[in-house]
Amino acid sequence: MITLYDLPISSYGCKIRVLMTHKKINWRSVTPPDGYGSPAYCKIVPAGTIPAIDHNGFLLADSEAIAEYLDEIIVSPPMLPDDPQDRARVREISRFHDTRLEPLLRAFFSHVSPNSRDNDFVKDNSALLQKRLHQLDRIANPAPLLFRNQLTIADCGFVASFALISTLRDILDLDLGVPERLQAYERVLATHPSVAAESTAYYNALATWAATKLAG
Ligand SMILES: N[C@@H](CCC(=O)N[C@@H](CS)C(=O)NCC(=O)O)C(=O)O
């Protein structure tokens with residue numbers, strides 16, 4: 001049994017939940033004691049970030065490191081392609097997601113509440129996000145998933161990110177066009193048997209979180 005330090009609203013947590021669902025891994029989700037970043041949680045996970053796993057006493061943080069570890073110890077179904085170049089491309093896209101795209105979505109969080117919204121920031125961040133989506137459209141060639149029909153590590157991060165894009169676009173009235181090929185990919189991804197339930201749960205967690213922010 002794997003313990004996952006996680007919260008329903010965590011986008012990187014969602015990435016690992018999708019991966020574990022696909023690999024049929026038994027896990028239990030645990031809320032980080034006193035919240036992530038707290039001294040109590042940092043005693044367990046020095047980085048203080050979620051997600052993190054405890055696998056029989058082996059503690060590991062960072063979603064990408066966790067994803068690759070789980071893919072190596074639970075080899076079926078494989079979530080990286082066999083061919084080195086295909087595998088490298090999947091890793092490139094996954095890192096592009098984690099380091100170039102997702103941080104821009106996260107940057108909107110403190111602007112969801114109208115009380116703390118900076119419209120200039122929202123506009124500039126939205127323009128940067130648009131640029132990243134066009135870059136992704138050039139890097140990735142979904143057919144229909146990022147690597148043919150094989151659900152890979154790179155797909156897992158986009159489940160939460162697509163939900164964030166659509167939720168934040170509505171709330172902040174973002175002038176954002178998701179390229180058509182990525183829209184088609186989003187539809188296939190969200191209905192994949194290993195993804196659908198987590199995608200719905202993540203949309204629901206986001207809606208609850210956003211409602212609280214908008215009320216405050
Ligand atoms: N690169 C890390 C980022 C994880 C991350 O930033 N998680 C957020 C919550 S979704 C967090 O723990 N933030 C607390 C902090 O940065 O101290 C990963 O992929 O796991």
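Details
- Surface calculation, 1.4 Å probe, protein heavy atoms: C42 sits at approximately 40 Å² accessible.
- Value of [θ]222 nm, deg cm²/dmol, for the chain, DSSP H segments ≥ 4, -39500 (n - 2.57) each, nearest 500: -18000 deg cm²/dmol
- Rg/Rh for the chain (Cα atoms only, Rh after Kirkwood) is 0.96.
- Phi-derived couplings, Karplus 6.51 cos²θ - 1.76 cosθ + 1.60 at θ = phi - 60°, listed residue by residue for the stretch 7-21: 9, x, 7, 6, 6, 5, x, 4, 4, 6, 4, 5, 4, 6, 4 Hz, with x used for Gly and Pro.
- Relative contact order %, the chain, counting alpha carbon pairs below 8 Å whose residues are six or more apart: 24
- The H on the amide N of F147, modeled in the peptide plane, is under 5 Å from the matching H of T152, each at least 5 residues off or on a different chain.
- Amide proton proximity set for S29, modelled H, under 5 Å, gap of 5+: L4
- Column: log10 I(q)/I(0), Debye, Cα scatterers of the stretch 2-73, q = 0.24, 0.25 Å⁻¹: -1.08, -1.17
- Antiparallel DSSP beta bridges within the chain, percent to nearest 5: 70
- Given charges at beta-carbon only (K, R positive; D, E negative), |dipole| of the stretch 84-215 in Debye: 320
- Within the stretch 2-73, antiparallel bridges make up roughly 65 percent of the DSSP beta bridges whose residues both belong there.
- In sequence order, calculated HN-Hα J values of the stretch 40-48 (Karplus, 6.51, -1.76, 1.60; Hz; x Gly/Pro): 5, 6, 5, 5, 8, 10, x, 5, x
- Dipole of the chain [Lys/Arg +1, Asp/Glu -1 at C-beta], most positive-end residue of A210, M79, L4: A210
- Rounded Å value of the spacing that divides the Cα centres of the stretch 169-216 and the stretch 39-116: 19
The values are calculated or read from the model by the stated rules, or taken from the named source; none is laboratory data. Just so you know, these numbers come straight off a predicted model, no measurement behind them. No Cβ is skipped: glycine too gets one built from the backbone with ideal geometry, and neighbour counts run over all protein chains shown. Protein only, heavy atoms only, side chains kept; ligands, DNA and RNA dropped before computing areas. Shrake-Rupley method; radii C 1.70, N 1.55, O 1.52, S 1.80 Å.
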